[in-house]
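What follows is a single structure, written as structure tokens, with notes after it.
The values are calculated or read from the model by the stated rules, or taken from the named source; none is laboratory data. From a predicted model like this one, the values you see are computed outputs, not experimental measurements. Side chains included, ligands, DNA and RNA excluded: accessible areas come from the protein's heavy atoms. Shrake-Rupley method; radii C 1.70, N 1.55, O 1.52, S 1.80 Å.
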Amino acid sequence: MDSWRHRTFYYLLGLLAVMFAYTLAYDYGMSAFENDPRTFLESFQIVVETFTTTGFGSDSAGWSSTEMLVLIVVMDLTGVLLIFIALPVLVFPLFEEAISTTAPTSVEDFEDHVVICNLTSRGETLIDELESNGVGYVVVEQDREVAEELHEAEYSVIHADPKTLDGLRAAELPSARALVADDTDQINTSIILTAKELAGDVEVISFAEDPSRERYHHLAGADTVFSPRALLGRSLASKITTSISTSLSDTIAAGDQFEIVELPIHHGSELIGKTIDEIGIRQRTGANVIGAWFRGQFETPPSPDAVIDSGTVLLVTGQEPQLERLKNLTLSDIRHFRSSQTLLIGRGEVGDSVASRLDEEGIPYTTLDLVEKPGVDRVGDATDPEELEAAGIQEANTAVLALSDDTTTEFATLVARDLSPDIEILARAEENENVTKIYRAGADYVLSLATVSGRMLASTILDEEVISFDKQVDIVQTEAPGLVGTTIGEAEVRSETNCTVIAVERNGDVRTEIGPDFRIEDGDELIIAGTDEGTSAFTERFG
């Protein structure tokens with residue numbers, strides 16, 4: 001609306017200038033060419049009549065000179081042109097403004113809801129979780145246009161400043177269960193201070209862009225501060241495998257009897273091109289496949305006819321020796337004869353976290369970044385084949401793409417895969433929607449920052465016991481009152497929720513042989529695996 005006011009001001013200013021010029025020209029012409037002088041006001045009246053098309057000049061019968069006739073023709077055309085300019089520049093936007101839906105400035109009768117200050121992709125993940133659990137929310141957006149776009153997209157949003165008492169009061173913060181501050185570090189700390197002044201007992205969760213500034217979020221009063229990029233970087237680093245060791249380093253312990261792990265299928269693995277049924281994983285290794293990602297799409301359980309390729313990630317359970325045998329099958333035979341060098345592309349916050357983990361494990365690596373900074377071995381563009389070759393991609397065993405721009409990551413993945421068909425490519429994604437594209441470009445493993453962040457938020461706010469935030473699937477331990485007295489098969493858990501019950505803790509014992517005839521008893525703790533949507537559906541239906 002502000003831009004419309006500016007356009008209107010300049011248009012009217014220009015219109016007055018043009019009309020003034022034509023008034024002077026008409027006044028001069030009537031004296032010089034028609035010998036019939038007019039006052040300035042009379043000349044202005046003629047111009048107004050002509051421009052507004054309410055008349056074509058009360059003096060029309062008195063024009064006989066060529067000069068005046070030409071002036072009137074040009075003045076007529078100018079008036080019509082200015083009208084056509086006014087329609088798209090002024091009139092149409094005004095109508096759109098009038099019929100558009102205006103975002104509200106407050107909410108009423110909200111209780112036990114979550115106040116989200118600035119909506120990001122991780123906030124969208126959180127909203128999905130909240131809606132599936134029947135928890136209300138309101139987004140507080142300071143920018144009017146953004147607030148109206150969110151309102152039209154049917155988000156619960158108000159247009160208000162979250163840094164002010166009035167803004168948070170309009171969101172009914174005192175009756176909320178939590179507030180999420182998801183902006184810059186400076187804005188977040190301002191929101192925290194305001195929130196604690198208005199409602200000191202409401203839980204405040206904040207995101208720190210820079211981990212070194214977490215302290216100031218806590219000093220401002222935040223109850224929980226997240227730095228998901230650091231967790232994401234360490235998780236990517238933990239996926240790095242070498243021919244020297246095939247031991248598991250990233251398992252989830254779910255009791256003394258079994259563990260859960262994600263295993264990417266690497267280029268050159270003997271499993272590629274075979275179906276899950278043909279491989280016979282349980283017969284060969286003793287491990288159980290409970291789910292699989294095929295180019296970013298999760299299936300649980302995977303079809304026996306599903307074909308394994310280099311973009312497949314298996315979600316498996318079993319004892320450590322069994323999982324190690326399976327992991328050995330997922331690796332490339334070619335890599336056993338290559339160096340264990342890792343190429344780290346991007347040295348931002350995620351890249352620093354990857355480097356820290358590699359240093360701890362003693363894994364050698366070379367860093368490539370666009371900007372010269374401490375820890376960067378070579379300055380260059382990751383999308384330039386010559387730069388990647390110079391950085392040693394053809395000699396490296398693994399490439400980690402820790403870039404903040406998904407489009408650049410997609411292109412760099414294509415280039416890296418073309419230069420080194422057998423290299424293991426691990427990548428971060430900023431947005432969930434780009435994960436599948438990065439897989440298609442040739443990555444072996446992709447982890448989304450929005451997924452990690454959203455799970456952190458949901459677990460904290462909903463008191464949900466998420467066993468691991470940094471997996472491509474949710475692995476959650478929860479009670480299921482809706483299943484008590486029924487079997488897994490009778491409840492049709494997989495078909496109804498797209499989740500798999502992988503274990504049940506009963507009276508301190510973890511039971512892993514969970515078939516369709518397994519009956520749930522009161523007090524059982526279920527360990528389930530599925531997508532974010534799947535685990536939310538499970539909680540909604542059986543929780």
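In terms of its C-alpha gyration tensor, the range 106-186 has a rounded overall shape, because the principal axis ratio a/c (a ≥ b ≥ c, square roots of the eigenvalues) stays below 1.5.
Converting phi to 3J(HN,Hα) with the Karplus coefficients 6.51, -1.76 and 1.60 and the offset θ = phi - 60°, the range 119-135 yields 8, 10, 4, 6, x, 5, 4, 4, 4, 4, 5, 5, 5, 5, 9, x, 9 Hz in sequence order, with x at every glycine or proline. The heavy atoms of Leu81 offer some 100 square angstrom of accessible surface to a 1.4 angstrom probe. For Phe518, the solvent-accessible surface computed with a 1.4 Å probe is close to 30 Å², ligands and nucleic acids excluded. Exposure check, 1.4 Å probe, all protein chains in place: Lys437 carries approximately 100 Å² of accessible surface.
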